[in-house]
Amino acid sequence: MTEAKSATFDTTVAATGNNTGIVVPVEVIEALGAGKRPPVLVSVNGHEYRSTAAVMGGKHMIGISAAVRAATGLKGGDPIRVTLTLADTPREVDVPADFAVALAAEEGSSAFFGKLSNSLQRFHVDNVNGAKTAETRQRRIERAVALFRDGKQR
């Protein structure tokens, strides 16, 4: 197995309003050798997350979500050391056991869920995990399974 390409650089957290991100130098994007929008594993302040570089305003950028800011304590203007590693494996969503059992029990639902995009899978899992009561959680699982049975993504 070959080691994934990676690059480390120093920068500051860019901020525009409530949005924060990392400006990635062009030479780093080129060194990764995966086009202008490479999927990457971002390592900053001891925290790792997956993302995709995007081009915004002529600059290569990687967003820093509110959840990542909370986990790392980062804010706009902070100096950071960033390591980007080319993400060569598919993204996977951790499906809770009760949701997985419900998907498996309904013919075709598990396969339908598996064909959804990563972001749609995360949407449904986050919706289930965000329930405050067991009853709400069960209702959300049943609603998702019913959508999949009807061939609907959302």
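For a paramagnetic label modelled at 7 Å from the Cα of Thr52 toward its Cβ, which residues of the stretch 117-154 fall within the zone defined by backbone nitrogen distances under 16 Å?
The answer is 117-123.
Of the heavy-atom accessible surface of the stretch 83-137 (probe 1.4 angstrom), what whole percent is carbon and sulfur? Walk me through the numbers on the way to the answer.
Details: 1740 of 3320 Å².
Taking all protein chains in place, the stretch 83-137 shows 52 percent carbon and sulfur surface.
Roughly how many Å² is the accessible area per residue of the chain, as a whole number, for a 1.4 Å probe?
On the way: 9360 Å² over 154 residues.
Heavy-atom accessible area per residue stands at 61 Å².
Give me the lysines in straight-line cross-link reach of Lys115: C-alpha distance below 26 Å, same-chain residues under 8 apart excluded.
Lys36, Lys152
What spacing in nm lies between the two simple spin-label points modelled at Lys5 and Lys36, each 7 Å away from Cα in the Cβ direction?
The answer from the label model is 1.7 nm.
Is there a quick way to get the dipole size of the chain? I mean about its Cα centre, with the Cβ of Lys and Arg at +1 and of Asp and Glu at -1; what is the value in debye to the nearest 20?
On the way: 19 positive and 16 negative charges, 103 e Å.
Here the size comes out at about 500 debye.
Cut-off under 19 Å on the C-alpha distance; same-chain residues fewer than 8 positions from Lys75 excluded. Which aspartates and glutamates are left, in chain and number order?
Asp10, Glu48
Run the reach check for Lys132 against aspartates and glutamates, Cα to Cα strictly under 18 Å, same-chain hits fewer than 8 apart removed. What comes back?
Asp98, Glu142
Taking Cα centroids, how far is the stretch 1-80 from the stretch 90-154 in Å?
30
Determine the calculated [θ] at 222 nm for the chain from helices alone, applying -39500 (n - 2.57) to every DSSP H run no shorter than 4 residues and normalising by the residue count; nearest 500 deg cm²/dmol.
On the way: 6 runs with 58 residues, N = 154.
So the helix-based figure for the chain works out to -11000 deg cm²/dmol.
Sequence-distant or interchain residues sharing an amide H contact under 5 Å with Val24, placed H: which?
The answer is His60, Met61, Ile62.
Let's test the formula: R0 of 30 Å, r as the Cβ-Cβ distance of Lys152 and Asn19. What FRET efficiency results, to the nearest 0.05?
On the way: r = 31 Å, r/R0 = 1.04.
E(calc), rounded to 0.05, equals 0.45.
The values are calculated or read from the model by the stated rules, or taken from the named source; none is laboratory data. As the structure is a computational prediction, the values presented were derived from the model and not from experiment. Cβ atoms come from the backbone with ideal geometry, glycine included; neighbour counts cover every protein chain shown. With ligands, DNA and RNA removed, areas are computed over all heavy atoms of the protein, side chains included. Shrake-Rupley method; radii C 1.70, N 1.55, O 1.52, S 1.80 Å.
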